[in-house]
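Since every read-out is calculated from the coordinates, none of them should be taken as a lab result. Owing to the predicted nature of the structure, the values given are computational and were not obtained by experimental measurement. Cβ placement follows ideal geometry from the backbone for every residue including glycine, while neighbour counts extend to all protein chains displayed.
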Amino acid sequence: MHHFETIDGVLHCEGISVPDIAREVGTPFYLYSAATLRHHFQVFDQAFSDLPHITAFAVKACSNLAVLSLLGREGAGADIVSGGELFRALKAGIPAGRIVFAGVGKTGHEIGEALDAGILLFSVESEAELELINQVAGERGAVAPVALRVNPDVDPKTHPYIATGLSESKFGIPTRKAVEAFKQANALPHIRVVGMHQHIGSQITEVAPFVEAVQHAADMVNTLRAAGLTIDYLDIGGGVGIPYHADTAEKPPGPGVMAEAVKPLLKALNVTVITEPGRGIAGNAGIFVTEVLRLKQSGGEKTFVIVDGAMNDLLRPSLYNAHHDVQPVVKPAASTRKVLADVVGPICESGDFLAKNRTLECPAPGDLLAVMSAGAYGFTMASNYNSRPRVAEVLVDGDRFHVVRQRENYDDLIRREEIPWA
């Protein structure tokens, strides 16, 4: 569920109309609902309330400081994949003891920053990374807590770019090498093995892959313990899908359904369970608001609705051919004709689109469109391509809104550049 609702023909976010916000901040912009973020976090967290657990929000999904702070105040931890995400999580007030650090390319500098901060654990992706963490910890006279990430070779039945648990993916240590890798880790003087990690992908819409993966993890934990290793934490990843199509029967199983399916396996292990929801918390808690600039007819029957938002602002449609519902912010008159349209931006690429082949009530220049389900992997994937300043981020909390990231200006585009002969 979410708190975006059309009232008297006008889209509202909680208690505020979207056109009112647009008049104040301009377009395009991202708009988040605090009530939705809180509710979604609570649903995830309560799904595992009868087990020792940490709900570590996947910062890569939506890394705005205000969003992270709001979730941290609710009790969230943070799943991070870079030193920058560590910096953001700490700045937002998330305790280091609730932060887990994954990712295949951690640098020595990032590892040192995480050790100095005192994070809960590193999710180690390879034997080579294990050696580096041991080295960096040794230089500091420290011992690094680690959970080795095991790749279970489970098909999550999602887009190949966001499937992370297959044998051909870059993530984790193959199952056949896992026991030896854990033993290697346990023998290193500046490493303390505390757990195991696995994550099979994102936007997963079926229960079966989760159950298969957790069964694999439970078997591995028992094997590791039989070999004399300590496993106190089991990170089962995230990836619970969300509905992107409002007008279809698409209903991915929610976190409660997923949890009930895997908890019998987890309860027998006597571990602290770590989950890493990102999209499931933030996805439907945010929209992208853009203004129609003009309409253009193709040589055929198609209309191009040209808007001021673009692929540099919201990359998912171009990168994944991902679907986002697009709806008018102000409901048009019943007599408005319908058109087959592509919603496209100003970027100089044919791949610059927010929606393709949609039947829409024909908008007019100046109309606002809402691109729904844009709270995850929206602003975090934005760029300055075509020298376009990145957009504002706005958070609504009840009957008030806050600009939680100012829109960039042209000076921001060149702030760190120099002309050597000027």
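Past 30 Å, Cα to Cα: identify those pairs from Lys106/Lys356; Lys60/Lys302; Lys91/Lys356; Lys60/Lys251; Lys60/Lys338; Lys183/Lys267, in the order given.
Lys106/Lys356; Lys60/Lys302; Lys91/Lys356; Lys60/Lys338
Taking N as the number of residues in segment 91-151, what is its alpha-carbon radius of gyration divided by 2.2 N^0.38 Å?
Here the Cα radius of gyration is 1.05 times the empirical estimate.
At a Förster distance of 25 Å, what's the computed FRET efficiency of Asn409 paired with Met381, Cβ-Cβ distance as r, to 0.05?
Here the calculated transfer efficiency is 0.75.
Note down the magnitude of the dipole of the chain about its Cα centre, charges +1 on Lys and Arg C-beta and -1 on Asp and Glu C-beta and zero elsewhere, to the nearest 20 debye.
140
Quick one: among Lys263, Lys106, Lys296, which has the greatest mean-square fluctuation in a GNM of the chain with alpha-carbon springs under 10 angstrom?
Taking springs between Cα atoms under 10 Å, the residue moving most is Lys296.
Give the angle, between 0 and 90 degrees and rounded to the nearest 10, that separates the Cα long axis of helix 255-267 from the longest principal axis of the Cα atoms of the chain.
In the chain, helix 255-267 runs at an angle near 0 degrees to the longest axis.
For the chain, take the convex hull of the Cα atoms, compute a quarter of its surface area, and give me that in nm², please.
The directionally averaged projection comes out at 23.2 nm².
Roughly speaking, what % of Cα-Cα pairs in segment 34-281 are separated by over 32 Å, rounded to a whole number?
Of all Cα-Cα pairs in segment 34-281, 15 percent lie more than 32 Å apart.
Compute the angle between helix 34-47 and the longest alpha-carbon principal axis of the chain, please, reported from 0 to 90 degrees and rounded to the nearest 10.
30
Once both axes come from the Cα atoms, what is the angle between helix 108-117 and the longest principal axis of the chain, in degrees from 0 to 90, rounded to 10?
Tilt of helix 108-117: around 80 degrees.
Compute a Gaussian network model of the chain, connecting alpha carbons closer than 10 Å, and tell me which residue from Gly256, Gly286, Gly172 fluctuates the most.
Taking springs between Cα atoms under 10 Å, the residue moving most is Gly256.
Any idea what log10 I(q)/I(0) is at q = 0.22, 0.28 Å⁻¹ for segment 197-260, Debye with uniform C-alpha scatterers and no solvent?
For segment 197-260 at q = 0.22, 0.28 Å⁻¹, log10 I(q)/I(0) is -0.91, -1.20.
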